[in-house]
Amino acid sequence: MRGDVITDGDSERLARAALSRAVGSDKPGISVEVAHRGAAAVWADLRHRHPDVDPEDDLRLLARLGGRIVCPGDSEWPDALDVLGRMSAATQAEPGEPLALWVHGSGNLGQLCERAVAVVGSRAATAYGTTVAADLASGLADRGWTVVSGAAFGIDAAAHRGALAAGGPTIAVLAGGVDVAYPRAHADLLGRIRENGLLLSEAPPGSLPYRGRFLTRNRIIAGLTRGTVLVEAGHRSGALNTARHARGLGRVVMAVPGPVTSALSVGCHRLLRTHREQTVLVTDAAEVCEEIGVIGELAGYSPAPTGLRDGLSELVRRLLDVMPARASVGAAVLAERVGERPQTVQALMGPLVAEGLVELRADGYRLTALGRAPSATNGS
């Protein structure tokens, strides 16, 4: 079901639209005041300071785009965001529940957020990071999850594209208006997201993104989802802010490890060390689902590949382990090394030579290249 129809007499909805233009949801305390007094009463007190704000103009513009406004209490409003209001009321320090969400796209926001996961990370991502993000998102989409991200360069874009490639829905939470293509290079990507999911923002149409909005919109990314996956993040990456919000909201925080030499994985590794009880290491979509899915969504691990030695008896494996690859030794020496009778060891040599694992030389036996191959379980 789409967002409810706006009417001139709907003072609360018009007031929320007006306040999001005049004040912004990102102002700490505004959502608490609105929850306590009502949007219409708050707007009545502030309206004289903002004579140029006309919420009906914004709503008409949004309607021409094919979008809609979704407010708390609407059938499409995601209940997962309610916790933002409670957190803001408790701390009075951070922006709380959005006054409204300006939405453009074919999906139903509430339904899409029933199984949603955030995939975020560095803008200056490596090929490793973008590959992992796209594979994760594709695997999550295949499993019926909505992928939520911020449409930025790097990991965000890779996550959106991975979900789209799998035919799944994805949500882009924007720092500017839903009609503002930012970054401009992602205009086509944003169009695909709109057709297969949603663009949404707490800023009204025409709003330009600025640094503060990139940070405050991160709480919405974290709030809409059951968990946040961090794929590559530098020491001061904005994606760490999303992880912080997710942790504060009691959502699952997951991090993908990277090369220890990579500056773009420092943030992931730091999370895994400094918040080890609240951060889970994940490497693929199955592991993500195991953390945030319903009971029974367990990651299946492929069995280790079978090695040449894996079908051999324990005694034969021990013989191969003590047999040299360069020099040659007799059966008596091998028997002493494994603590068996020489006759027992001698009886095993013929089959091992026939299998190509051992080579018979004039002065004894030695391993072949084939015999030097380790077992798949070696060292486990």
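Taken together, the values in this text are just the output of simple stated rules run on the coordinates, not laboratory data. On a predicted model such as this, the values are computed, not experimentally measured, just so you know. Ideal geometry is used to build each Cβ from the backbone, glycine not excepted, and the neighbour counts take in all protein chains shown.
Connecting C-alpha atoms closer than 10 Å in a GNM of the chain, tell me which of His48, His160, His235 has the biggest fluctuation.
Looking only at His48, His160, His235, the biggest GNM fluctuation is shown by His48.
Which entry in (i) 24, 44, 23, 8, 0; (ii) 25, 51, 19, 5, 0; (iii) 26, 39, 18, 12, 5, 0 matches P(r) over Cα pairs in 20 Å bins from 0, in percent derived from the coordinates of this structure?
Label (iii) holds the value from this structure.
With a point put 7 Å past each Cα toward its Cβ, work out how far Ala373 is from Ala325 in nm, to one decimal.
Distance between the two pseudo-spin positions: 1.4 nm.
Going by a ≥ b ≥ c, the root eigenvalues of the Cα gyration tensor, does the stretch 314-367 fall in the rounded group (a/c under 1.5), the prolate group (a/b larger than b/c) or the oblate group?
Working: a/c = 1.37, a/b = 1.21, b/c = 1.13.
In terms of gyration-tensor shape, rounded.
Assuming R0 = 30 Å, can you tell me the calculated FRET efficiency for the pair Tyr128 and His50, based on Cβ-Cβ distance, to the nearest 0.05? Write out the running numbers ahead of the final one.
Numbers: r = 48 Å, r/R0 = 1.59.
Calculated transfer efficiency: 0.05.
Springs between alpha-carbon atoms under 10 Å, Gaussian network over the chain: tell me which of Pro95, Pro342, Pro78 tops the mean-square fluctuations.
Highest fluctuation of the listed residues: Pro342.
Just to confirm the number: angle between the C-alpha axis of helix 82-91 and the first principal axis of the chain, 0 to 90 degrees, nearest 10?
80 degrees
Mind sorting Ile292, Ile220 by how few other Cβ atoms lie within 10 Å of their own Cβ, fewest first? Write down the numbers at each step before the final one.
On the way: Ile292 22, Ile220 29.
Listing Ile292, Ile220 from fewest to most nearby Cβ atoms yields Ile292, Ile220.
Among Gly38, Gly311, Gly107, whose mean-square fluctuation peaks in a Gaussian network model of the chain (Cα, cutoff 10 Å)?
Gly311
Multiply the residue separation of Ser11 and Arg211 by 0.36 nm, subtract the distance between their alpha-carbon atoms, and state the gained length in nm to one decimal. Don't skip to the end; give the middle numbers.
Working: separation 200, 0.36 × 200 = 72.00 nm, distance 3.13 nm.
Computed gain between Ser11 and Arg211 is 68.9 nm.
If packing is taken as the mean number of other Cβ atoms within 10 Å per residue, what is the order of 175-182, 361-368, 271-278, highest first?
Details: 175-182: 21.0, 361-368: 14.8, 271-278: 12.9.
Output ranking for 175-182, 361-368, 271-278: 175-182, 361-368, 271-278.
Would you mind calculating the relative contact order of the chain from Cα pairs under 8 angstrom and at least 6 residues apart, reporting the percent as a whole number?
Once divided by the residue count of the chain, the mean separation gives 12 percent.
Would you work out if the stretch 207-254 is rounded, prolate or oblate? Take a ≥ b ≥ c from the square roots of the eigenvalues of the alpha-carbon gyration tensor; rounded if a/c is under 1.5, else prolate when a/b is larger than b/c, oblate otherwise.
On the way: a/c = 2.32, a/b = 1.32, b/c = 1.76.
Note, shape of the stretch 207-254 comes out oblate.
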